Amino acid sequence: METLIDGLREALRLITGFDPALLEVVGLTLRVTGGALLLATLIGLPLGAALGLRNRIPAGGCVLPIIYTGMGLPPVVVGLFVYLLLSNRGPLGGLEWLFTPTAMIVAQTIIALPLIVGLTLTALRSIDPTVKLQVRSLGATRAQLAWTMMLEARLGVLAAVIAAFGGIISEVGAVMLVGGNIEGQTRVLTTAIVLETRRGNFALALALGIILLGLAFAANYLFHRLSDE
Amino acid sequence: MSSIYYLTDLQQTYNGRRVLDIDRLEIGRGEALAVLGPSGAGKSTLLRLLNFLERPSGGTLTFDGRAVADEWPLEQRRRVTTVFQRPALLHRSVVANLTYGLRLRGKKLAAAERDAWLDRLGLAHLAGQSAPRLSAGEAQRVALARALVLQPDVLLLDEPSANLDPYNIGLIERLVAEARRRDDPAATGMTIVWVTHDIFQARRVADRVAFLLNGRLVEEADAATFFTAPATPQAEAFLRGELVYEEKMLQ
């Protein structure tokens, strides 16, 4: 209980004091997660739309289970995969991305992508088929049909982005493996929490946890306001 | 050629099951054709084909002198539209739904015309309302108006008033009748294909009747003849209110 109160007090002190080390960690967290979310959205929405708008998904018997499995990918496995890809001996080792924020963005994009694709295509497929028929009957081109269906599914699409955001801002396994938790370079909130907990700085760890939750809440509040028509 | 549609040996098959097989049917320009028949007769399939929403599995569908085997060109498709049994409104305001088809064509509805439509629909007070909050009758009126503002050459109606109360049924029928009359008298006017299982409605709205059973066109006649002296025993039974059903599907 004491630790909890200390944690709250510490969190307050860190936030109000604009602690530079903290600001750096928060800044990198937002950069990595924001970048990954943006990339995953740019790739995932068109992909989810292309799959969700088809009457029959090609090789659907395989594609859907793969995507749905991807929605539950263990971040640490993704981290390992990206690590092997980017390590010196890996096929992309020449990029020298390992232990940089870029590697962290790559890993989180891979975690977020199936969530966005899967939830977007589910949202599209749950639209009443009569609506699709009706829109075509009213003279929509293919592109107009796709855009109208995305607007019809907008709440589900937004939920896809929210779910992806929640999935990656809170993950620790992937960023730890490919980022390395280097102070001032690749340390984000979740990896900092692990470190401080190991060091026994429970109050500080808790403070970071509270800040992480606060960030997640702020982002979700924003999303919620967006979806509130 | 005065027919707008000309169907020969038109067939549609789903998963090996033939649901429509029409040897020959002509639909005249500007006429109101009622398509009658019990559930499962192939009426909705026929409309989807007439709206170019599906490709027939066999036969030819000629529209305005053109038969297209593959994909219909957009400008042809846009001359025909359907109002379905369920209104299928978009999750937008009433006005946004009303003008949706026009906006697809890069057109706008003048404010005065828009207000006139809302008045005619009895929805002036609900213009900004979100469409999913409308009652069934209100929603179907919007769906019908959304089609009518496009001034299509052909309006296909797939039991648009099947779930409605007598007041809304009357309103729907009146809106369609007005739309036909309002057309330029010099032109042949809007062609209506009205699918219904309600023989009384068919009597009120149609010039001619096509009676379908098990995917086949059983009888085709002008309305007065069909209702007073049907030529086939199946049509006679249907008019008596007996549900005609042949276990054996088309061979």
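For the condition within 14 Å of chain B (Cβ to nearest Cβ) and either crowded, with 23+ Cβ neighbours inside 10 Å or in contact with a strand residue (DSSP E or B) (Cβ under 9 Å, 6 or more places away or on another chain) (or both), what is the one hit in A:Leu158, A:Leu124?
It is A:Leu124.
Tell me, please, whether a residue that is β-branched (Val, Ile, Thr), in contact (Cβ under 8 Å) with a residue 24 or more places away in the chain and crowded, with 19+ Cβ neighbours inside 10 Å can be found in segment B:48-61.
Taking every residue of segment B:48-61 in turn, none turns out to be β-branched (Val, Ile, Thr), in contact (Cβ under 8 Å) with a residue 24 or more places away in the chain and crowded, with 19+ Cβ neighbours inside 10 Å.
Checking the condition in a helix (DSSP H, G or I) and at pLDDT below 95, which residue from A:Gly79, A:Gly61 passes?
A:Gly61
Taking B:Ala96 as meeting all but one of (1) modelled with pLDDT of 95 or more; (2) surrounded by fewer than 19 Cβ atoms within 10 Å (Cβ to Cβ); (3) within 22 Å of the chain's Cα centre (by Cα), write down the number of the exception.
Among (1) modelled with pLDDT of 95 or more; (2) surrounded by fewer than 19 Cβ atoms within 10 Å (Cβ to Cβ); (3) within 22 Å of the chain's Cα centre (by Cα), the lone unmet condition for B:Ala96 is (3).
If you take the residues of segment A:177-204 that are in contact with a Phe, Trp or Tyr (Cβ under 8 Å, 6 or more places away or on another chain) and part of a helix (DSSP H, G or I), which of them is surrounded by the fewest Cβ atoms within 10 Å (Cβ to Cβ)?
Filtering first and then ranking leaves A:Glu196.
Residues of segment B:75-91 being more than 15 Å from the chain's Cα centre (by Cα), more than 8 Å from chain A (Cβ to nearest Cβ) and in contact (Cβ under 8 Å) with a residue 12 or more places away in the chain, which ones?
B:Gln76, B:Leu89 - these are the residues of segment B:75-91 that are more than 15 Å from the chain's Cα centre (by Cα), more than 8 Å from chain A (Cβ to nearest Cβ) and in contact (Cβ under 8 Å) with a residue 12 or more places away in the chain.
Go through segment B:100-117 and give me each residue that's more than 10 Å from chain A (Cβ to nearest Cβ) and surrounded by 20 or more Cβ atoms within 10 Å (Cβ to Cβ).
B:Trp117
Looking at A:Trp97, A:Trp147 in this structure, which one is of a type in the set (Phe, Trp, Tyr) and within 14 Å of chain B (Cβ to nearest Cβ)?
The conditions single out A:Trp147.
Take A:Ser137 and tell me if it is over 16 Å from the mean Cα position of the chain (by Cα) and within 14 Å of another protein chain (Cβ to nearest Cβ).
Spelling it out, A:Ser137 is indeed over 16 Å from the mean Cα position of the chain (by Cα) and within 14 Å of another protein chain (Cβ to nearest Cβ).
Checking the conditions here, which among A:Ala218, A:Ala174, A:Ala207 is part of a helix (DSSP H, G or I) and in contact with a Pro (Cβ under 7 Å, 6 or more places away or on another chain)?
That would be A:Ala174, the only listed residue that is part of a helix (DSSP H, G or I) and in contact with a Pro (Cβ under 7 Å, 6 or more places away or on another chain).
Give the number of residues within segment B:154-173 that are in contact with a strand residue (DSSP E or B) (Cβ under 7 Å, 6 or more places away or on another chain) and either surrounded by 22 or more Cβ atoms within 10 Å (Cβ to Cβ) or away from every other protein chain (no Cβ under 12 Å) (or both).
Within segment B:154-173, residues that are in contact with a strand residue (DSSP E or B) (Cβ under 7 Å, 6 or more places away or on another chain) and either surrounded by 22 or more Cβ atoms within 10 Å (Cβ to Cβ) or away from every other protein chain (no Cβ under 12 Å) (or both) number 6.
Residue check, B:His125 against (1) within 9 Å of chain A (Cβ to nearest Cβ); (2) of a type outside the set (Ser, Thr, Tyr); (3) surrounded by fewer than 16 Cβ atoms within 10 Å (Cβ to Cβ), all met but one. Which one?
(1) is the only condition that B:His125 fails.
If B:Arg133 satisfies all but one of (1) within 19 Å of A:Leu133 (Cβ to Cβ); (2) within 12 Å of chain A (Cβ to nearest Cβ); (3) not hydroxyl-bearing (Ser, Thr, Tyr), what's the number of the condition it fails?
Here B:Arg133 meets the rest and fails (1).
The values are calculated or read from the model by the stated rules, or taken from the named source; none is laboratory data. Worth saying up front: this structure is predicted, and the values here are computed from it rather than measured. Neighbour counts run over all protein chains shown; Cβ positions are idealised from the backbone, glycine included.
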